[in-house]
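As structure tokens, the structure follows; a few thoughts come after it.
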Amino acid sequence: MKEGHLRAVLIILSLMGVALILMGTSRYGAGVSPDAVNYISVAKSLLSGNGYLLYGGAPLVLAPPLFPTILALLGLIGIEPLIGARFLNAIIFGSIILISGRLFRIYVRSNMLVMLGAVAVLLSVPLLQVSIMAWTEPLFILLVVLFFFCLQRLLSEARVFPFFLISVLAALSCLQRYAGIALVMTGFVIIIFSVPKNIFLHKLKCGIIFCAVSCTPIFIWFIRNYIFTSTLTGYRPLSSYTLRQNIFSMLDVLTNWFVPHEIPFLIRVAGMGLIVSALAILILFSRYSLKRHDEERVERPWAEGVFVLVYLIFLIFSQTRFTLQLVDYRYLAPVYIFIILFMLVGAEDISCWWNARVKNKKPVDRIIIFAFCFWLIYPFVGVVSRVSDYIKNGAGGYNTVAWRESPLVEWLKTHPLDGTIYSNAADAVYFFTNRKAQWSPFRSGSWTAESKREDLLRFKETLTLDKKAYLVWFDIGERGMLYDIRDLRSAIELKRVTVFTDGAVYLLK
């Protein structure tokens, strides 16, 4: 395959990626989770001239400002934020495929392997899952891939423009997700150890400048957050999950990307571990053997390896300390592309080692291509299955059949409630009716009986400030941090207003 043909194939695959996301979001639009409701409400607040405020009036602090800002900018040209999120993430997914292919080409000589790597990105279930939602992950992933693509220019030229470019990309990644700090840390390490300058003090100076440029925007945002909330990133309750649980969850997700989930967890982890270890030994041996014979070998992707390591450590630490859910596909999605890159580089290393010693060079190349194509059947089936489900039932969250055809939601749209609204899905009330709602009581403390009594007592005292208050209770979905309806009934009188198959409305007394 010629270079021009490869570029054409990458463009075609990227357009297919755009079409795939548009198909998956064709029924109701992009998937909408509680986080997505926050982004959309902030974008609408910006368009109204009220600043970075959530639908309840509180300032945005739990997330950085870039994504809702972009949605608001789209709103200025007449594109409603949720519609904008759908088309934005579709274009971003296509761009991820294109830039990933270009990144693969830097490290991999075989155009066929590069093409297969791009196909693997197109058929990536985790990238599909985050791209059909109105989430921040797709743009974050694109910024990360662009960072490493531009980093290669800096490592080869050591000029001002690529240095400035990677600094801006790192800054934007921090403004897109707080986890972007892992990219800043990686960039600093790469500048110190890889930039082609012999003077350490010069490289240290460049590293400090890089960090200053990258961190200044998010540092300003942190100051703003502290002024409003006395916290840098908002209140985050201590996690109820252990380090061991998060590591196991991470391994479960990562292995499921490459082998079916039906295979027991321990077998998956052990089997994948043995395969990876054997391949790593073979790759290291082949690289050592070829070192004296291949003076023009391309650089190895060790910078990307540093990022994966730093990012995973940052992710596990933050999930263990400050969040109430385990590491899942959403947070791990950024490392998928680099795992594919490592697979491609390893496959080519093995191929080069074989070709340097055996006259008949075709068998191992064909085996590698066949094995990769055979594995692609697995993600292909997964993508087809999920896209079919998205077309039938909606992309996810509040943009699914269960919520869109909810009798309770339909009743709320036509019956304005003349009082304060509390709900176990306050974001859903806002999303469907554009009315503000307060959350029903959250669990706090140690979840003991005493803690429960204090939480419900505080809520009861809050109700005395309302002239009239309603509880909109949905039976759709689970929210483990909220007290259930039985807990509320034990402390507060609930007068039933109306009941549906998926929930009810109560007057609080």
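Take residue 404 and tell me if it is over 27 Å from residue 465 (Cα atoms), of a type in the set (D, E, K, R) and either in the same structural domain as residue 491 (by TED's automatic domain parsing) or modelled with pLDDT of 90 or more (or both). Answer is yes for this residue. Within the range 137-156, one or more residues are touching a Pro at 6+ places or on another chain (Cβ under 9 Å), of a type in the set (Phe, Trp, Tyr), touching a residue at least 40 places away in the same chain (Cβ under 8 Å) and assigned to a helix (DSSP H, G or I). Inspect the range 22-29 for any residue being surrounded by fewer than 21 Cβ atoms within 10 Å (Cβ to Cβ), outside any loop (DSSP other than H, G, I, E, B), modelled with pLDDT under 95 and assigned by TED's automatic domain parsing to the domain that holds residue 79 and give the result as yes or no. No, the range 22-29 has no match at all.
Taking the conditions (1) of a type in the set (A, V, I, L, M, F, W, C); (2) in contact with a Leu (Cβ under 9 Å, 6 or more places away or on another chain); (3) modelled with pLDDT under 95 in turn, residue 58 satisfies each one other than (2). Here residue 328 meets the list (1) under 24 Å from residue 38 (Cβ atoms); (2) at pLDDT 95 or above almost entirely, failing just condition (2). In the range 452-509, which residue that is assigned to a helix (DSSP H, G or I) and of a type in the set (A, V, I, L, M) is surrounded by the most Cβ atoms within 10 Å (Cβ to Cβ)? By that ranking, first place goes to 488.
Evaluated against (1) buried (at least 23 other Cβ atoms within 10 Å of the Cβ); (2) touching a Phe, Trp or Tyr at 6+ places or on another chain (Cβ under 7 Å); (3) within 22 Å of residue 129 (Cα to Cα); (4) not small (Gly, Ala, Ser), residue 35 falls short on exactly one condition, (1).
Residue count for the range 407-428 satisfying the condition of being in contact with a strand residue (DSSP E or B) (Cβ under 8 Å, 6 or more places away or on another chain) and within 14 Å of residue 502 (Cα to Cα): 8. When 209, 218, 190 are checked against the criterion of being hydrophobic (A, V, I, L, M, F, W, C), surrounded by fewer than 16 Cβ atoms within 10 Å (Cβ to Cβ), modelled with pLDDT of 85 or more and closer than 30 Å to residue 151 by Cα, a single residue qualifies: 209. Taken together, 424, 434 contain a single residue that is loosely packed, with under 13 Cβ neighbours inside 10 Å, within 17 Å of residue 56 (Cα to Cα) and under 36 Å from the mean Cα position of the chain (by Cα), which is 434. Take the conditions out of contact with any helix residue (DSSP H, G or I) (no Cβ under 7 Å at 6 or more places or on another chain), at pLDDT 80 or above and not assigned by TED's automatic domain parsing to the domain that holds residue 281 and apply them to residue 371. Does it pass? In short, yes.
Matching residues to (1) without any contact (Cβ under 8 Å) to a residue 60 or more places away in the chain; (2) touching a Cys at 6+ places or on another chain (Cβ under 7 Å); (3) not assigned by TED's automatic domain parsing to the domain that holds residue 31; (4) not β-branched (Val, Ile, Thr):
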{"residue": "376", "(1), (2), (3), (4)": "no, no, no, yes"}
{"residue": "379", "(1), (2), (3), (4)": "no, no, no, yes"}
{"residue": "391", "(1), (2), (3), (4)": "no, no, yes, no"}
{"residue": "398", "(1), (2), (3), (4)": "no, no, yes, yes"}
{"residue": "413", "(1), (2), (3), (4)": "yes, no, yes, yes"}
{"residue": "416", "(1), (2), (3), (4)": "yes, no, yes, yes"}
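Inspect all residues belonging to the range 115-124 and state whether any of them is among the β-branched types (Val, Ile, Thr), at pLDDT below 95 and surrounded by fewer than 24 Cβ atoms within 10 Å (Cβ to Cβ). No, that holds for no residue.
The values are calculated or read from the model by the stated rules, or taken from the named source; none is laboratory data. No experiment lies behind these values; they were computed from the predicted model shown. Heads up, the Cβs are rebuilt from the backbone with ideal geometry, glycines too, and the neighbour counts pull from every protein chain shown.
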